[in-house]
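Following: one structure in structure tokens, then a few remarks.
The values are calculated or read from the model by the stated rules, or taken from the named source; none is laboratory data. Computed from a predicted structure; not experimentally measured. Neighbour counts are summed over all protein chains in view; Cβ atoms, including those assigned to glycine, are modelled from backbone coordinates with ideal geometry.
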Ligand code: ASP
């Protein structure tokens, strides 16, 4: 028997055809001797029927029935048959093959299947087991239509990206997996060298340095669907390994890179949805994003913007604000308009938000409600009528509106305020579904300064081109993020292409000459050999697929992800290795007990 069609292919136009289908037995049911089987493969599901009363002359019905009786759920079978109409009233309008069925005239069991640990095929979330079980038997989980659709979508998206970039003169070039550590801000996964005991490779956190080298090597336009590895504490949307669409271009400015990305996104959009994506994308500056939305990747599909109140309350005899302002902090408010939300949020909800605010790091959350034209709350007594009136005006507060006021150090307070804003929007159903809003977050600083130690950290990474003198009070970085619906899809920048400038930045970041030489000597040297002006960007493939498919987690668009504890339940990694292997590498393990993978099952959402 040889397959003639897939299980998603046959239609009414195929009536009467002799076909051979092969696939998995998803469900079967027996109606008084007539057996109906849902035969599934990647392409769909076709109903195949064993009907002893309706077999072509000469068919050995008994022998056929014996074969069919050996079929169990998820076993692999091959059936020969004839395409026929379904009995009127039994068509399945949701299934593209739902008008027809295949009358079985011959059957073969190609392989048996052990009893599956969970039911495959019903897409209702309720029937799904916990995620760890799905991950342990991922090859079964992937048989589910929803997972197949995610894999198809992802493959198509990557294919479209490749097409566009090839059309625009980009070369796909692979860079090493075994290399030296790159300063992308996370811990490295390290790989011991057997040939040179005591030395280690690092798995790339991104191909950053190699792609810059490719520009020095005159490649002009590079891209790669690159696997990146970052040893970070598990978070909802993080994986130890993830995939970036990584690119780099020579002789460009920021706009050139952004134009290319917008073109790429529009091309992907057209290919996926047959729709025009609106370009150019809007821009928002980093400070503006933080101060209006409390995030450097704000979801701007809904309002709830913060309004600065620092000036308004600076003379209020309210100790808490006074202390915060004396330490350079900010006070800002968010107005839940009565018609949108304010009058739905009662006193108990306010308490709930105060508790939530504490959880996300806000020292306190103050509130005021506009009642009978006046602001009311337990703290209004600390404010003069003029100041209250000014707060009311500044916030545009009207009858029934509820104002939340956040106060504290600039960054931490806005960031926590951003979490609160998101929570309120989600609770009140203000986040529009199926609306995709791309934008650029730019006008970023070059450095972040730790308020306690005064130490400089790179805002993006140390290869970003500073926009002004490093001794200026504020140094801008030529970097930007591409954001979508409150998520950062990726970041890009112009790069330093001058060795002295690169050394200057490393100095600013606290690296001395010896450390620069040891960690980046080769890189700085490379810049001295005619490095062209260049820049690039990297976009998270997992992330964009998850957002476009409305998935909660990037694990749902990765074929074989690790679980929330960075464990692969499928192959039991990470695992111990035999002592003789460690000996060969001249490594001694100080760890004790074996990792018990079972303890990771049912890990709660963080
Ligand atoms: N390598 C950077 C990252 O992974 C992206 C870039 O600057 O191109 O975030």
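If you take the residues of the range 294-312 that are outside any loop (DSSP other than H, G, I, E, B) and in contact with a strand residue (DSSP E or B) (Cβ under 7 Å, 6 or more places away or on another chain), which of them is surrounded by the most Cβ atoms within 10 Å (Cβ to Cβ)?
Out of the qualifying residues, it is 306.
For the range 578-606, which residues satisfy the criterion of being surrounded by 10 or more Cβ atoms within 10 Å (Cβ to Cβ) and either more than 34 Å from the chain's Cα centre (by Cα) or at pLDDT 90 or above (or both)? If you could, list the steps in order and put the result at the bottom.
Filtering the range 578-606 for residues surrounded by 10 or more Cβ atoms within 10 Å (Cβ to Cβ) gives 579, 581-587, 595, 597, 599-603.
Those that are surrounded by 10 or more Cβ atoms within 10 Å (Cβ to Cβ) and either more than 34 Å from the chain's Cα centre (by Cα) or at pLDDT 90 or above (or both): 579, 581, 582, 583, 584, 585, 586, 587.
So which residues in the range 387-419 are in a helix (DSSP H, G or I), touching a strand residue (DSSP E or B) at 6+ places or on another chain (Cβ under 8 Å) and within 25 Å of residue 374 (Cα to Cα), if there are any at all?
388, 391, 392, 394, 395, 417
Restricting to the range 162-175, name every residue that is within 15 Å of the ligand (Cβ to nearest atom) and either in contact with a helix residue (DSSP H, G or I) (Cβ under 8 Å, 6 or more places away or on another chain) or assigned to a helix (DSSP H, G or I) (or both). Step through it out loud before you land on a result.
To start, the set of residues in the range 162-175 that are within 15 Å of the ligand (Cβ to nearest atom) comprises 165, 170, 173, 175.
Within the range 162-175, 165, 173, 175 meet the criteria.
Does residue 245 satisfy the condition of being within 13 Å of the ligand (Cβ to nearest atom) and at pLDDT 95 or above?
So residue 245 fits the description; yes.
Where residues in the range 350-382 are without any contact (Cβ under 8 Å) to a residue 40 or more places away in the chain and part of a helix (DSSP H, G or I), which of them is surrounded by the fewest Cβ atoms within 10 Å (Cβ to Cβ)?
381
Looking at (1) over 20 Å from residue 48 (Cα atoms); (2) in contact with a helix residue (DSSP H, G or I) (Cβ under 8 Å, 6 or more places away or on another chain); (3) touching a residue at least 40 places away in the same chain (Cβ under 8 Å), which is the only condition residue 136 fails?
(2)
What number of residues within the range 1-24 are within 39 Å of the chain's Cα centre (by Cα) and either closer than 19 Å to residue 87 by Cβ or in contact (Cβ under 8 Å) with a residue 60 or more places away in the chain (or both)?
Residues flagged as within 39 Å of the chain's Cα centre (by Cα) and either closer than 19 Å to residue 87 by Cβ or in contact (Cβ under 8 Å) with a residue 60 or more places away in the chain (or both) within the range 1-24 amount to 9.
Can you confirm whether residue 438 is within 16 Å of the ligand (Cβ to nearest atom) and in contact with a strand residue (DSSP E or B) (Cβ under 9 Å, 6 or more places away or on another chain)? Walk me through it before giving the result.
Values: within 16 Å of the ligand (Cβ to nearest atom): no; in contact with a strand residue (DSSP E or B) (Cβ under 9 Å, 6 or more places away or on another chain): yes.
No.
Enumerate the pairs (first residue in the range 200-228 and over 16 Å from residue 493 (Cβ atoms); second residue anywhere and within 11 Å of the ligand (Cβ to nearest atom) and in a helix (DSSP H, G or I)) with beta-carbon separation below 8 Å, excluding pairs fewer than 6 apart on the same chain, so at least 6 apart or on different chains.
204/210; 224/211
Quick one: would you say residue 495 is buried (at least 20 other Cβ atoms within 10 Å of the Cβ), within 30 Å of residue 321 (Cβ to Cβ), touching a strand residue (DSSP E or B) at 6+ places or on another chain (Cβ under 9 Å) and modelled with pLDDT of 95 or more?
no
Could you grab me the full set of residues in the range 487-531 that are part of a loop (DSSP other than H, G, I, E, B) and either under 17 Å from residue 475 (Cβ atoms) or within 16 Å of the ligand (Cβ to nearest atom) (or both)?
496, 497, 498, 509, 510, 511, 531
Residues 437, 393, 443: which one is buried (at least 17 other Cβ atoms within 10 Å of the Cβ) and within 30 Å of residue 282 (Cα to Cα)?
Just one listed residue meets the conditions, 443.
Any idea how many residues of the range 187-213 are more than 12 Å from the ligand (Cβ to nearest atom) and either surrounded by 19 or more Cβ atoms within 10 Å (Cβ to Cβ) or in a loop (DSSP other than H, G, I, E, B) (or both)?
Summing the residues that are more than 12 Å from the ligand (Cβ to nearest atom) and either surrounded by 19 or more Cβ atoms within 10 Å (Cβ to Cβ) or in a loop (DSSP other than H, G, I, E, B) (or both) in the range 187-213 gives 11.
Which pairs have Cβ atoms under 9 Å, sit 6 or more apart or on different chains, and link a residue in the range 241-252 that is on the phi > 0 side of the Ramachandran plot and touching a residue at least 24 places away in the same chain (Cβ under 8 Å) to one that is part of a strand (DSSP E or B) and more than 8 Å from the ligand (Cβ to nearest atom)?
251/534
Look through the range 463-480, keep the residues that are within 25 Å of residue 525 (Cβ to Cβ) and in a strand (DSSP E or B), and return whichever of them is farthest from the ligand (Cβ to nearest atom).
That would be 466.
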